[in-house]
Amino acid sequence: LYTSQLNLNSDLKVEEWAQDSIAYGKNLFSLFEEYGASQVRLLEQRGSVPYVLMYWKEGAFIDEKIADDQTSRVDLSYSFPRSANEGEIISTTIGPASSWDSLLWSFDGIDSPMDSVYISLYAIGKNQKEEILVEEKIRDLAYDLSGINAEEYPYLRLEYLVEDRDQRTPANLLFWRVYFEDIPEAAVNPNHFYVFNRDTLQQGEALTLDLAIENISDNDMDSLLVHYSITDTKNNLVRQERRLEPLKKNSILISSFVADTRNLAGKNTLLVEVNPNDDQAEELHINNFLVKSFYVDLDNENPILDVTFDGSHIIDGDIVSPEPQIVISLKDENEYMQLTDTALFRIYLQLPGGQTERISFTNPRITFFPASGKNKATIEYTPRLAEDGLYQLLVQAEDVTGNQSGDLDYKVNFEVINKKAISNVLNYPNPFSTSTQFVYTLTGSTTPDYFKIQIFTVGGRIVKEITQDDIGPLRIGTHRTEYRWDGTDDFGSRLANGVYLYRIVAKDSNGQDFEHFSNSADRFFKNGFGKLVILR
């Protein structure tokens, strides 16, 4: 009695043997021990390892042996005395072969006319289960095998049969030889070349594998089929096949595999199988596999949404241009999940009458710039808002994995006034000691072509003119200038402490004055003049 394993994954389920006593009153352990076994229970600790027990069924215990582990070998031999007038020798399985040639064999020791010697020939199918008798009694010492279809029957088996009913001295088989063209043999060889980018990947990062496959035989292989499969934590299976160039004898091919990890968050197992389902004849298949585990980190960080009007961030209720350049940007930290799809954005505009419309990306006044490099997508939207009143912009955005840009949508109210006008300009702070800035409100769609601030003494003498070149570009809405006046005159001399008057001059390209825009600043002005105080 001996254990038999098809491969290293075979399981004898030794841990379940003892349970048979409940149903049957005995088990394999106790049965073996009835015939003298003393080491069989070591299988409970060592698992599915080679084990053999030899005994006379109606006689005495002979011997037993058990291996230390699955890959160890045990040998046990015993000579059984027998008086017989016939016998046989059975060969091991021969093959696989791509074509069969011939059988040669020889014997000696014929000492009686009653002696009988011959060979029986069996052909075996690809799965090594189907077996047919090719010829039962071959007496020719040279036998032609070329008529056997090696594609259908790549294996053979021989039986040497001998009979001597007179002297009972069997003829001795000197040799038997089968000549055939063997088939190629491919093997995964990571020791020659193996590159796997990382065991832990960020979601969206490409999985890459380069693996050497070697033909370790002296026969060429046709174009080589390689099967790749990825199993995720939910046992979902992703399959891919590639056919490589022919694998010549004693040569090596590099198989390259790339997989998208966007839908593979969590633990995964990659299985590579060379020449699956015996796509072409091969001697062995056990060395055609590579198994690799890897982990994909889930992208759960929110992307960053940013919205500007004419280059500035506005606050709720600000005045903007009737034709503002609205720039919407979305930036994601995951550089592997590029923001390239307009479906990631939803933009809504509520009009002064309360009607809300979704802005389509087919609108000619909207342009989408997909992300590249640092994964930042941008939208430029320049609406024409002909109706005065209060508008509302709503923007929703998400990254490729569905992470929203924030717990709340971006929402801002803004006012549009189409009339071209400018308010009185306040200085801040006022009084000031070192410097002051100017705050203004500008409406309409264009800025003044000519603008300056004149500063007078209370006697009416101009001491300082601040031009548009000094102030820099003006913008629609309420803004504070970046320019700071330091209280010096046109010659750079510091003005004395005291009260000064100032006014603005704003004209369009035709030299026409901008209309006055009334707001809360008007109460600080009289006849277009305001007061500022220098206090050092």
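The values are calculated or read from the model by the stated rules, or taken from the named source; none is laboratory data. Fair warning: this is a prediction, and the values are worked out from it, not measured in the lab. Note that we place each Cβ from the backbone using ideal geometry, even for glycine, and neighbour counts take in every protein chain shown. Each accessible area value is taken on the protein alone, full model and side chains, heavy atoms only, with ligands, DNA and RNA left out. Shrake-Rupley method; radii C 1.70, N 1.55, O 1.52, S 1.80 Å.
How much of the accessible area of the stretch 479-536, probe 1.4 Å, is carbon plus sulfur, in whole percent? For the stretch 479-536, the apolar C and S fraction of the accessible surface comes to 47 percent. Residue ranking by accessible heavy-atom surface, 1.4 Å probe, largest first, among Lys137, Lys531 comes out as Lys531, Lys137.
The residues of the chain have, on average, 56 Å² of accessible surface per residue, using a 1.4 Å probe with all protein chains present. Charges were assigned to the Cβ only: +1 to each Lys and Arg, -1 to each Asp and Glu. The resulting dipole of the stretch 228-297 about its Cα centre is roughly 220 debye. Only one residue of Trp176, Gly472, Leu298 has its Cα farthest out toward the positive end of the dipole of the chain, where Lys and Arg carry +1 and Asp and Glu -1 on Cβ, and that residue is Gly472. Scattering from the stretch 207-320 was approximated by placing one identical point on each alpha carbon and applying the Debye formula without solvent; log10 I(q)/I(0) at 0.13 1/Å stands at -0.61.
Averaging 1/r across all pairs of distinct Cα atoms in the stretch 389-500 and inverting the result yields a Kirkwood radius of 17.2 Å. Taking each of Lys376/Lys411; Lys65/Lys137; Lys411/Lys531; Lys419/Lys531; Lys126/Lys234 in turn, the alpha-carbon distance tops 31 angstrom for Lys65/Lys137; Lys411/Lys531; Lys126/Lys234. Approximating the spin labels as points 7 Å out from Cα along Cα→Cβ, the Thr340-to-Tyr483 distance works out to 4.7 nm.
Considering helices alone, the calculated mean residue ellipticity of the chain at 222 nm is -500 deg cm²/dmol, with DSSP H runs of length four and up weighted by -39500 (n - 2.57) and normalised per residue. Rounded to the nearest 20, the Cβ-based charge dipole of the chain about its Cα centre (Lys and Arg +1, Asp and Glu -1) stands at 4380 debye. Exposure check, 1.4 Å probe, all protein chains in place: Thr434 carries approximately 100 Å² of accessible surface. Only one residue of Thr356, Trp56, Pro81 has its Cα farthest out toward the positive end of the dipole of the chain, where Lys and Arg carry +1 and Asp and Glu -1 on Cβ, and that residue is Thr356. Here the stretch 43-167 is assigned +1 on the Cβ of each Lys and Arg and -1 on the Cβ of each Asp and Glu. Its dipole about the Cα centre then comes out at about 400 debye. Within the assembled protein chains, the solvent-accessible surface assigned to Leu305 is about 40 Å², based on a 1.4 Å probe. Name the residue farthest towards the positive end of the dipole of the stretch 366-489 from the options Asn424, Thr481, Ser372, assuming +1 on Cβ of Lys and Arg, -1 on Cβ of Asp and Glu, about the Cα centre. Of Asn424, Thr481, Ser372, it is Asn424.
Working note: Debye formula, equal point scatterers on the alpha-carbon atoms of the stretch 439-536, no solvent; log10 I(q)/I(0) at q = 0.10, 0.16, 0.17 Å⁻¹ is -0.28, -0.74, -0.84.
What does a probe at Ser372 reach in the stretch 292-316, counting residues whose amide N is under 18 Å from the point 7 Å along Cα→Cβ? Zone members listed by number: none at all. Shape descriptor for the chain: Rg over Rh equals 1.37 (Cα atoms; Rh from the Kirkwood inverse mean 1/r). In order along the stretch 492-509, the Karplus-derived 3J(HN,Hα) couplings, from 6.51 cos²θ - 1.76 cosθ + 1.60 at θ = phi - 60°, round to x, 7, 6, 6, 6, 4, x, 9, 10, 9, 8, 8, 10, 10, 9, 10, 8, 5 Hz, and Gly and Pro are given as x.
Sorting Trp17, Trp485, Trp176, Trp56 by accessible area puts them as Trp56, Trp176, Trp17, Trp485; the probe is 1.4 Å, largest comes first, and only protein heavy atoms count.
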